[in-house]
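Asker: This structure is in structure tokens; I'll ask about it shortly.
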Amino acid sequence: MNVMQNEVKETHEWAARCRSVVQRALDCLLAGRRRQKTLHRLRTHLRRLQAYLELMGEARNAQIMAKCVSRLSSLRTLQVMERYLTQLGAPSSDVRKVKDCIRRRQAKLDRKQIYRKIDRCVRHHALLSTQVSANWMAERMERLRREHAAALQELIEKAMSNPRRKTLHVLRLKIKSIRYQEEWALSQAYAKPSLVSWLERAQSVLGDYEERAQFRKLARALDLQSYPTIVKDWRRARACARALPGQLTEIIEALAGRRLRLVESKSPSTHATARSLGRALSRGPLHFPS
């Protein structure tokens with residue numbers, strides 16, 4: 001029990017460190033130091049705090065963290081698009097148009113004092129109001145995994161029958177949420193590190209499609225010269241994203257605890273299944289169909 005209690009303590013300490021990272025990033029942004037890496041670090045650690053609060057049953061506070069992330073999404077998309085266009089070798093006029101959008105978006109965030117509002121939310125809502133026991137955490141994780149498996153099964157069926165962007169986007173958000181929760185559990189005895197890796201790969205495939213879809217929309221609105229190239233990338237990413245749902249069966253089994261046991265398993269069939277899924281998912285981001 002002492003070992004389990006130490007693991008719970010480590011999880012809470014990790015959450016406190018995560019909040020510290022968020023607050024340091026906010027301090028930089030409030031001081032006018034607007035590096036892209038700072039915003040990315042802020043959003044990532046807000047998502048981690050959201051997953052931690054979801055894991056601990058703090059649904060209201062988790063939703064507040066999610067809202068903080070969404071307030072920064074438009075700026076993050078523009079920043080990623082600027083980097084994408086630079087790597088693409090797009091005309092300088094295209095890059096300038098996106099940079100102008102970034103400046104306008106940053107000015108709007110400043111005008112509405114978004115960073116200060118996020119800072120207040122983090123200070124009041126980012127950590128637990130009560131402590132929980134090791135047994136409670138283990139039972140909670142087991143229950144959540146079954147719930148996630150059922151939710152994923154439903155989303156995958158929808159995505160396979162109607163693979164539109166909105167459906168795939170909802171699936172991506174669910175996978176992202178599960179992945180962050182599983183990352184919080186990595187220090188625990190019931191960790192599933194292979195599951196985290198698979199979820200991350202699946203999220204990458206769906207994330208590439210969502211990004212390219214946003215870039216395509218912006219490129220059309222801004223009348224960018226690189227629009228035809230962006231459309232080509234979007235089509236490739238879309239094909240990969242639409243093919244992904246049919247490859248996710250083993251992830252559901254891992255969450256539900258059926259057949260696939262990812263930690264300290266000796267079963268040859270388990271390892272074969274793990275290798276098979278790993279190969280299937282690795283094909284997504286690396287080998288786009290023409």
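Asker: My understanding is that a pair violates if its Cα-Cα distance is over 27 Å; which of LYS117/LYS217; LYS37/LYS117; LYS176/LYS217 do that in this structure?
Answerer: LYS117/LYS217
Asker: Taking the number of other C-beta atoms within 10 Å as the exposure measure, put TRP234, TRP14, TRP198 in order starting with the fewest.
Answerer: So the ranking, lowest neighbour count to highest, is TRP14, TRP234, TRP198.
Asker: Additional query: How large is log10 I(q)/I(0) at q = 0.13, 0.14 Å⁻¹ when the Debye formula is applied to the Cα atoms of the range 1-131, each weighted equally and without solvent?
Answerer: -0.60, -0.67
Asker: Determine, from the Cβ-Cβ distance of THR229 and LYS108 and an R0 of 25 Å, the FRET efficiency 1/(1 + (r/R0)^6), rounded to the nearest 0.05. Can you show the working numbers first?
Answerer: Details: r = 29 Å, r/R0 = 1.15.
Between THR229 and LYS108 the formula returns 0.30.
Values quoted throughout were computed directly from the atomic coordinates according to the rules given, and no laboratory measurement underlies them. The shown structure was predicted, so the numbers you read here are calculated from the model rather than taken from an experiment. Every residue, glycine as well, gets a Cβ built from its backbone with ideal geometry; the counts of neighbours run over all protein chains shown.
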